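The values are calculated or read from the model by the stated rules, or taken from the named source; none is laboratory data. All values reported here derive from a predicted model rather than from experimental measurement. Note: ideal-geometry Cβ built from the backbone for every residue, glycine included; neighbour counts use all protein chains shown.
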Amino acid sequence: MGKISRFGVSIEHELLGTFDRTIKKKGYTNRSEAIRDLIRDFLVRERWEQSDETVVGALTIIFDHEKRGISDRLIELQHDEHPHIISTMHIHLDKHHCMETLAIKGKASEVKRIADRLISTKGVKHGKLIMTAI
């Protein structure tokens, strides 16, 4: 670990209380480690949003597999994006709903474009992309 710097933060009492309760639930033993993780996350997001470096993403989509043509359309879109989509996992949630999680690798703009295409496909009920720099 590098040299440690200390700094002060002014924050509303209520916001700090909520923060403390939340980090305790998440298992942090102190504020410093939670703040370091928040800063790291912020910097990674900033880096991939500001550049076009290679990133990896995990896209999760929920869809009704009984929606006419949805499964075929999603597979077609995934094949169109080969070799960026490097892995998929298909999970049957109930009689009607499925979840797919896709691992996507490429330039940040490509990963975002692919995720947007899949999430906006008619029949997809919800989608969420998580990206991080390599």
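Quick notes on this one:
- Residues of the stretch 7-22 that are under 17 Å from residue 36 (Cα atoms), not in a helix (DSSP H, G or I) and not small (Gly, Ala, Ser): 7, 9, 11.
- Note on the stretch 14-63: residues that are closer than 29 Å to residue 89 by Cβ and among the hydroxyl-bearing types (Ser, Thr, Tyr) total 3.
- Residue list for the stretch 1-27, restricted to those being over 30 Å from residue 134 (Cβ atoms), among the polar types (S, T, N, Q) and under 28 Å from the mean Cα position of the chain (by Cα): 18
- Within this structure, residue 40 fails the test of being within 16 Å of residue 128 (Cβ to Cβ), at pLDDT below 95 and outside the structural domain of residue 129 (by TED's automatic domain parsing).
- Scanning the stretch 28-85 for residues that are exposed (fewer than 15 other Cβ atoms within 10 Å of the Cβ), closer than 29 Å to residue 4 by Cβ, within 21 Å of the chain's Cα centre (by Cα) and not aliphatic (A, V, I, L, M) returns 36, 37, 40, 41, 42, 45, 46, 47, 49, 50, 51, 53.
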